[in-house]
Amino acid sequence: MSRLAPWAVAAALALAPLALMDLHTWVTLTVAGLAMGMLIFLVAAGLTLIFGLMDVLNFAHGALFSWGAYAGFTALVLLNRAWAWAETPSLAVTVALLALAAAVAMAVGAALGVVVERVIVRPVYGQHLFQILITLGATIVLEELLRIVWGPNDQVMPVPLALQGSWEILDVIVLRFPVIAIGVGLLVYGAMQLLLARTRVGLIVRAGVENGEMVQVLGHDVLRYFTGVFAAGSALAALGGVMWGMFSQSVRPTMGAEQLIFAFIVVIIGGLGSVTGSLLGALVVGLSYNHVAFLLPKAAIGVNMALMVVILLIRPTGLFGGAR
Amino acid sequence: MPDALLELEDVHADIGRHHVLQGVSLVVRRDRVTVLLGRNGAGKTTTMRTIVGLVPPAGGVIRYDGQPIGGRRPHEIVRRGIGYVPEGQGIFATLTVDENLRVAMHDPAAGAARLPAVLDLFPDLARLRAARAGALSGGQKQMLAIARALVNDNRLLLVDEPSKGLAPIVVDHLVAALAAMKARVTVLLVEQNFAMAQALGDDFYLIDDGRTVARGAMSDLARDEALKRRYLGV
């Protein structure tokens, strides 16, 4: 199968609903679907590194996502108290402050990721059952810590004025925040591709994933690289958390656990370890969910599972999976 | 020994509950090829893995260039100037030939400068730099594994069973390539192919059941039919 086939299938899946709705509705739903797909991609992108590349079944990924959301939430609340930025109509200022909050969240995510990798994941590399058990345990601890620090209830995420509402482009109503989300997703995708394919660190990581022992005897401290990858994956989870918090305008301790299943579905659909596969998988999931939710609301959640089953039946290694 | 580059004194090592090395002693002298011989399961590969730190020594002393290296982590040991070519080559099948070479370089700039000379030794690899390493033939994979050990300024090469699974004509190429390297670098070679060991080796050590049982000049071993029959079955 050529590299283009998965894209053709995705495009066909996206265009098929046009037969059942008018063009305006389709465009609106498609933009919303792409945005949702990008948000799912942010969650799945970190998991692609940790589960797909390093083969660690990290169920704590969701808790790191929640921690990122809360860290970003706190940063945004503090920034808002200092400058009342939520009221500013300037999109540039808003985006700059948003980037600052995202940076705080990613730093918290990366730091927690280092702790999780060093303390609980390092002793269980290569042992899936232990990985599941210990990272589920870590999830409970991390979620309880969230409740201790921020309380058990939902908190309302401040969403700045400049990101509320919608733009009208060629008669089509496009919500603002989803457009930002699509931009962030593309940025993350580009950065990951560049890092893995073009840099020396990316090369050593790809080699280490295939044969960690050999990378060690070629003179590289593979454990240090794995800690770095885990930290990067956790930072992406945290970024996903902030973006999701903005999208749903609230944060709660279990939000990560709720998203984790989508992330695993996307990583599996896309093919383990493929960043491009995760992007396409996330977009397909986001689009199908939105199109089906309009046509047949009750089937919206089931359609993602069905999608995964069908794709894995046809292509067991996922859309971009190798022969690994 | 004053010209010793690598010395093992009564080295022990365990794998799981098995006491695999039970007293391996050997000296690899500078600018020579030392061959490590022994039957399957005698502990040859474990000796190599213990030297580079993949198996932690449970006892004894390992000295490289006069410094003890036993118990250090693999990347620290090899950065002192040891190139390791493992049994089964250990190449990265999903990377290209070029990427396999680049990932091996400790210093990318110095490695890139050495690369043309390395590729001169292995013309096949020069042609196939953009190919995925997994698509290479067995002989080409072995050449790549050796080339990878040469892109750094290594003084010692540990080469584990390079002829394993290769066709006789490919083994001839390999012997020629290794012979060309002999002039620049010290080699510790594990080899079951006695003809190849004899063609390349200066000194030999024989190990059996994880212990050094005999040592000497390769030319003497070639004549000692009783020793060969007893430990090597040839």
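Scan segment B:74-86 for residues that are surrounded by fewer than 16 Cβ atoms within 10 Å (Cβ to Cβ) and more than 9 Å from chain A (Cβ to nearest Cβ) and jot them down. Passing the criteria: only B:Arg80.
If you take the residues in segment B:92-102 that are in a helix (DSSP H, G or I) and touching a Gly at 6+ places or on another chain (Cβ under 9 Å), which one is farthest from the other protein chains (Cβ to nearest Cβ)? Break it down stepwise before answering.
Quick first cut of segment B:92-102, residues in a helix (DSSP H, G or I) only: B:97-102.
Now narrow it down to the ones that are touching a Gly at 6+ places or on another chain (Cβ under 9 Å): B:101-102.
Working: B:Leu101: 10, B:Arg102: 6 Å.
Result: B:Leu101.
Of all residues being out of contact with any helix residue (DSSP H, G or I) (no Cβ under 7 Å at 6 or more places or on another chain) and surrounded by 16 or more Cβ atoms within 10 Å (Cβ to Cβ) in segment A:206-219, which is nearest to B:Met105 (Cα to Cα)? Just the residue, please. Checking each candidate, the answer is A:Met214. The residue that is farthest from the other protein chains (Cβ to nearest Cβ), counting only those in segment A:173-205 that are surrounded by fewer than 18 Cβ atoms within 10 Å (Cβ to Cβ) and closer than 24 Å to B:Ile82 by Cβ, is A:Val201. Within segment A:292-304, residues that are of a type outside the set (Gly, Ala, Ser) have Cβ atoms under 9 Å from residues that are outside any helix (DSSP H, G or I) in these pairs: A:Phe294/A:Met21; A:Leu295/A:Met21; A:Val303/A:Leu296, counting only partners at least 6 apart in sequence or on another chain.
Of all residues in segment A:131-186, those that are within 21 Å of A:Gly68 (Cα to Cα) and either in a strand (DSSP E or B) or of a type in the set (Phe, Trp, Tyr) (or both) total 4.
Got at least one residue in segment B:141-161 being among the charged types (D, E, K, R), within 12 Å of chain A (Cβ to nearest Cβ), closer than 20 Å to A:Ala207 by Cα and free of Cβ contacts under 8 Å to residues at least 40 places away in the same chain? Spell out the reasoning first.
Let us first name the residues in segment B:141-161 that are among the charged types (D, E, K, R), namely B:141, B:148, B:153, B:155, B:160-161.
Of the ones still in play, those that are also within 12 Å of chain A (Cβ to nearest Cβ) are B:148, B:153, B:160.
Filter once more, so that each one left must be closer than 20 Å to A:Ala207 by Cα: B:148.
Retained after the next criterion (residues that are free of Cβ contacts under 8 Å to residues at least 40 places away in the same chain): none.
No, that holds for no residue.
Entry remark, segment A:206-230: residues being more than 7 Å from chain B (Cβ to nearest Cβ) and either over 12 Å from B:Leu95 (Cβ atoms) or in contact with a Leu (Cβ under 7 Å, 6 or more places away or on another chain) (or both) number 11 in total. A:Leu133 falls short on exactly one of the conditions (1) hydrophobic (A, V, I, L, M, F, W, C); (2) closer than 30 Å to A:Thr94 by Cα; (3) modelled with pLDDT of 90 or more, and that condition is (2).
Scoring B:Ala112 on the criteria (1) within 14 Å of chain A (Cβ to nearest Cβ); (2) surrounded by 15 or more Cβ atoms within 10 Å (Cβ to Cβ); (3) assigned to a helix (DSSP H, G or I) leaves a single failure, condition (2). A Cβ distance below 9 Å, combined with a sequence gap of six or more or placement on separate chains, defines the contacts here; from segment A:161-190, residues that are at negative phi reach residues that are among the acidic types (Asp, Glu) in the pairs A:Leu161/A:Glu87; A:Val174/A:Glu168.
Could you tell me which of the residues B:Gly43, B:Gly38, B:Gly71 is more than 21 Å from B:Val187 (Cα to Cα) and either away from chain A (no Cβ under 14 Å) or among the hydroxyl-bearing types (Ser, Thr, Tyr) (or both)?
Values: B:Gly43 fails: more than 21 Å from B:Val187 (Cα to Cα); B:Gly38 fails: more than 21 Å from B:Val187 (Cα to Cα).
Criteria check complete, one pass: B:Gly71.
The values are calculated or read from the model by the stated rules, or taken from the named source; none is laboratory data. Because the structure is a prediction, the values reported are computed rather than measured. Because the Cβ atoms are built from the backbone with ideal geometry, glycine has one as well, and the counts that use them run over all protein chains shown.
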